[in-house]
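So the structure is just underneath, and the comments pick up after that.
The values are calculated or read from the model by the stated rules, or taken from the named source; none is laboratory data. Remember, it's a predicted structure, so these values are computed and weren't measured experimentally. All Cβ positions, even for glycine, are placed from backbone atoms using ideal geometry, and neighbour counts span all protein chains on display.
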């Protein structure tokens with residue numbers, strides 16, 4: 001429900017001023033597109049999530065525990081070599097969206113052409129590394145049963161080819177997202193999920209080695225999906241039909257941008273793994289398991305918010321490219337507010353009774369899991385709020401100092417956690433300590449957004465951070481008091497708490513999370529859905 005409400009209203013929420021009808025007329029097309037794209041992405045995510053949960057169970061049953069583990073460890077090894085590809089994906093989307101916003105068709109063609117060339121180079125590097133270092137490591141270092149050596153070889157080869165196709169597909173994915181064609185993006189993701197489900201039925205029927213068949217069919221599925229992306233992009237977008245030519249200036253800009261992005265991504269990865277290693281050294285694998293479970297839930301929560309923000313990213317870049325700074329700031333602040341409200345609604349039941357959720361989901365679970373989950377929820381909220389501001393920095397292209405200062409802040413969590421461990425702190429305290437550097441990292445994100453794009457830093461702190469911190473605490477206290485008075489069975493108590501949480505959250509965020517003009521505008525939008533067009537027009541005239 002919260003997702004649907006946000007998606008239906010968000011398209012009419014951005015850039016609200018006293019002269020409401022005129023502003024709506026100006027922003028209407030962009031806002032409707034954002035709302036529609038957000039809905040497409042949520043449908044994609046929910047479908048993939050539900051089918052994925054079922055598929056993972058069937059894969060385990062079909063392959064068996066041993067072969068399932070073998071596929072994950074061998075196939076997963078290839079993903080190590082795709083680290084650079086992740087940063088290039090962000091860079092490609094940024095440069096395409098920027099040139100679309102500028103309306104520079106010739107530069108757009110150069111960006112796409114050079115993106116394809118860059119990803120061809122990445123694919124070749126991937127093949128060389130995988131077929132030398134990767135193959136050597138699997139044959140000489142990994143613990144694989146003798147009778148499964150041949151199967152592991154073929155799974156590895158299929159995984160390498162699948163990864164190569166994924167790399168070559170990136171520019172076409174990026175151009176679709178940059179043009180905000182989220183419908184085809186969502187449909188193809190659903191297609192991919194359905195085909196993978198069908199694969200499980202096929203390999204159950206066939207008598208050949210199921211592990212090899214699974215790897216082969218995953219490769220075929222990836223190839224078919226990529227072909228659809230390529231055909232669609234070439235038919236719809238003029239820049240995809242251009243001759244491949246290297247433009248040194250464009251190439252340098254794209255590689256430089258992605259190079260600095262590597263630092264930020266590398267710092268985040270090292271911070272997560274570093275804290276995990278320290279937990280293992282001081283407290284053992286049980287605490288690692290607790291953290292792993294907490295971050296599984298964290299990933300699901302972030303998926304909900306990030307799917308909404310994916311739809312916003314291209315428009316932020318386009319506003320910056322066209323010099324519309326005020327529209328960009330309004331879009332960033334409103335997307336941060338709605339992301340925060342959405343995530344708070346989703347995580348409030350976890351903050352209040354994580355133990356019940358864990359018992360239902362896992363049965364027995366490791367010590368510290370409940371507390372870790374609550375701490376990680378707070379970290380997720382921080383990340384979701386600042387993400388639209390990071391889009392501003394990406395739009396400017398000036399990401400060097402942001403990644404350097406942010407990377408140092410994030411990595412400082414490792415020595416801070418080590419000091420806390422050495423002083424005898426509990427795992428809970430240490431996990432809280434690991435979050436502190438993120439506060440400084442977010443300050444630098446805002447600082448450089450203000451410096452490079454004249455982003456209203458103080459307004460963001462007051463309108464998003466302060467407002468939603470107070471609202472979150474208020475809603476938490478109200479729901480906690482309500483929950484303490486319930487005296488039914490556990491399921492009934494929790495269900496009533498969730499319903500009450502949604503009700504109170506919507507009222508609180510409507511009353512306290514929105515400005516007067518934003519509330520006035522939402523009233524008109526809701527009235528538009530309930531009343532006739534004639535009545536709405538009369539009300540709009542009164543507002544004018």
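Okay, residues lined up against (1) modelled with pLDDT under 85; (2) more than 21 Å from the chain's Cα centre (by Cα); (3) crowded, with 17+ Cβ neighbours inside 10 Å:
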{"residue": "227", "(1), (2), (3)": "no, yes, no"}
{"residue": "230", "(1), (2), (3)": "no, yes, no"}
{"residue": "237", "(1), (2), (3)": "no, yes, yes"}
{"residue": "243", "(1), (2), (3)": "yes, yes, no"}
{"residue": "251", "(1), (2), (3)": "no, yes, yes"}
{"residue": "257", "(1), (2), (3)": "yes, no, yes"}
{"residue": "269", "(1), (2), (3)": "yes, no, no"}
{"residue": "273", "(1), (2), (3)": "yes, no, no"}
{"residue": "276", "(1), (2), (3)": "yes, yes, no"}
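As a summary of the residue check, residue 287 satisfies the conditions (1) more than 18 Å from residue 433 (Cα to Cα); (2) in a helix (DSSP H, G or I) except for the one numbered (1). In the condition set (1) crowded, with 18+ Cβ neighbours inside 10 Å; (2) farther than 19 Å from residue 161 by Cα, residue 221 is compliant with all but (2). Among the residues of the range 388-408, those that are in a helix (DSSP H, G or I) and surrounded by 21 or more Cβ atoms within 10 Å (Cβ to Cβ) comprise 388, 389, 390, 391, 392, 393, 394, 395, 402, 403, 406, 407. Look at the range 431-455: where a residue is on the phi > 0 side of the Ramachandran plot and a partner is in a helix (DSSP H, G or I) and modelled with pLDDT of 85 or more, sitting 6+ places away or on another chain with Cβ atoms under 9 Å, you get 454/325; 454/329.
Restrict the check to the range 367-381 and report whether at least one residue is within 23 Å of residue 515 (Cβ to Cβ) and touching a residue at least 24 places away in the same chain (Cβ under 8 Å). Yes - at least one qualifying residue is present in the range 367-381.
Would you tally the residues in the range 461-483 being in contact (Cβ under 8 Å) with a residue 12 or more places away in the chain and closer than 21 Å to residue 345 by Cβ? Please lay out each step first, then the result.
First, the residues of the range 461-483 that are in contact (Cβ under 8 Å) with a residue 12 or more places away in the chain: 461, 463-465, 467-468, 470-472, 474-476, 478-480, 482-483.
Cutting the leftovers down to closer than 21 Å to residue 345 by Cβ gives us 463-465, 467-468, 470-472, 474-476, 478-480, 482-483.
Number of matching residues: 16.
Against the condition free of Cβ contacts under 8 Å to residues at least 40 places away in the same chain, more than 24 Å from the chain's Cα centre (by Cα) and over 30 Å from residue 328 (Cα atoms), how does residue 486 come out, does it pass? Answer is yes for this residue.
Okay, residues lined up against (1) outside any loop (DSSP other than H, G, I, E, B); (2) modelled with pLDDT of 85 or more; (3) touching a helix residue (DSSP H, G or I) at 6+ places or on another chain (Cβ under 7 Å); (4) closer than 30 Å to residue 387 by Cα:
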| site | (1), (2), (3), (4) |
| --- | --- |
| 82 | yes, no, yes, yes |
| 87 | yes, no, yes, yes |
| 90 | yes, no, yes, yes |
| 95 | yes, yes, yes, yes |
| 107 | yes, yes, yes, yes |
| 117 | yes, yes, no, yes |
| 123 | yes, yes, yes, yes |
| 134 | yes, no, yes, no |
| 147 | yes, no, no, no |
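Can you tell me how many residues within the range 493-521 are touching a helix residue (DSSP H, G or I) at 6+ places or on another chain (Cβ under 6 Å) and modelled with pLDDT under 75? Of the residues in that region, 1 qualify. The residues of the range 198-208 that are surrounded by 14 or more Cβ atoms within 10 Å (Cβ to Cβ) and within 15 Å of residue 225 (Cα to Cα) amount to a single one, 199.
Within the range 159-213, the set of residues being within 30 Å of residue 100 (Cα to Cα) and not in a helix (DSSP H, G or I) comprises 179, 180, 181.
Just give me the residues in the range 468-492 being touching a helix residue (DSSP H, G or I) at 6+ places or on another chain (Cβ under 7 Å), modelled with pLDDT of 85 or more and part of a helix (DSSP H, G or I), in sequence order. Matches in the range 468-492: 471, 472, 474, 475, 476, 478, 479, 480, 482, 483, 490. Residues in the range 289-333 that are surrounded by fewer than 22 Cβ atoms within 10 Å (Cβ to Cβ), over 17 Å from the mean Cα position of the chain (by Cα) and within 24 Å of residue 376 (Cα to Cα): 289, 292, 293, 333.
Are any residues in the range 336-354 without any contact (Cβ under 8 Å) to a residue 60 or more places away in the chain and more than 15 Å from residue 294 (Cα to Cα), and if so, which ones?
Start the filter on the range 336-354 by keeping residues that are without any contact (Cβ under 8 Å) to a residue 60 or more places away in the chain, which leaves 339, 343, 347, 350, 354.
Selection gives 339, 343.
Screening residue 448 with (1) in a helix (DSSP H, G or I); (2) within 30 Å of residue 368 (Cα to Cα) gives one miss only, at (2).
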